[in-house]
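Some notes on the structure that comes next.
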Amino acid sequence: MAKRALSMTLNGQAVGPFTVDDDLMMIEFLHEYLNLTGSRLGCGQGVCHACVAILDKPDGTSEEIRTCITGAHFFDGKKVRTVEGHARRDEKGEVTGLNPIQQKFIDQFAFQCSYCTPGYVNAATVLVEKLQRQPVKRSELEGEIEHALGNHICRCTGYVRYYNAAREVVEGLGLVKEG
């Protein structure tokens with residue numbers, strides 16, 4: 001198997017270069033090379049979305065990428081965020097607080113087993129960032145939430161609470177315009 005160097009910006013920090021196999025999936029890179037195990041390997045086929053990470057694009061937008069079916073080298077030179085990067089940390093790296101999405105998921109008891117939660121946190125993060133650039137009309141809010149979270153699978157059927165938590169964050173941040 002051929003190997004190549006891999007470097008990226010991950011959760012705001014430069015990582016690499018690492019020499020990794022050409023066919024290494026991103027989730028394996030996160031777990032095995034960086035010990036970042038928050039992204040979950042659920043189905044291994046890109047269906048459940050428990051594995052998603054956030055890819056930050058040069059134009060300031062972001063998107064979810066399924067790490068179980070995307071090779072690590074796809075991310076070479078790019079900016080990536082994982083669920084581990086969302087909480088606020090002090091200078092020692094200790095968590096000092098959760099971001100609004102994480103906190104609202106806890107407040108809403110949105111998860112049971114929590115296996116799918118990292119994917120939902122990342123999806124809701126991408127949604128909030130999108131709406132910070134372009135707020136949504138109240139009449140379109142449910143559709144935006146469904147579009148953002150609808151591909152994620154929760155085996156414990158926590159969908160309603162995830163959706164409610166996302167809605168509360170969006171509304172609480174003033175990202176809904178009337179009309």
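Figure the gain on full extension for K177 and R155 (residue separation times 0.36 nm, minus the Cα-Cα span) and round it to one decimal in nm. My answer for the length gained is 4.6 nm. Here the sum of -39500 (n - 2.57) over DSSP H runs of 4 or more residues, divided by the residues of the chain, equals -8500 deg cm²/dmol at 222 nm, to the nearest 500. Of P118, P17, P100, the residue with the greatest mean-square motion in the GNM of the chain, using alpha carbon springs below 10 Å, is P17.
Between K57, K130, K104, the residue with the greatest mean-square fluctuation in the GNM of the chain (Cα pairs under 10 Å linked by springs) is K57. Counting only Cβ charges, +1 for Lys and Arg and -1 for Asp and Glu, the dipole size of the chain around its Cα centre is about 160 debye. What the Cα atoms of the chain give is an Rg and a Dmax of 16.5, 57 Å. Shown is the FRET efficiency for R89 and N35, computed with R0 = 25 Å from the Cβ-Cβ distance and rounded to the nearest 0.05: 0.95. Working value for the range 88-177: equivalent-ellipsoid semi-axes of 21, 18, 10 Å, each the square root of 5 times a Cα gyration tensor eigenvalue, largest first.
Per residue, the accessible area of the range 1-147 comes to 52 Å² when a 1.4 Å probe rolls over the protein heavy atoms.
Comparing V128, I106, G174 along the charge dipole axis of the chain, the residue lying farthest to the positive side is G174, per the Cβ-charge model. Between the beta carbons of K79 and R4, assuming R0 = 22 Å, the FRET efficiency works out to 0.70 to the nearest 0.05. Here the accessible area of the chain is 50 percent carbon and sulfur, with a 1.4 angstrom probe and all protein chains present.
The values are calculated or read from the model by the stated rules, or taken from the named source; none is laboratory data. If you're wondering where the values come from, they're calculated on a predicted model, not measured in any experiment. FYI the Cβ positions are ideal-geometry reconstructions off the backbone, even for glycines, and counts take in every protein chain you see. Only protein heavy atoms, including side chains, enter the accessible area calculation; ligands, DNA and RNA are left aside. Shrake-Rupley method; radii C 1.70, N 1.55, O 1.52, S 1.80 Å.
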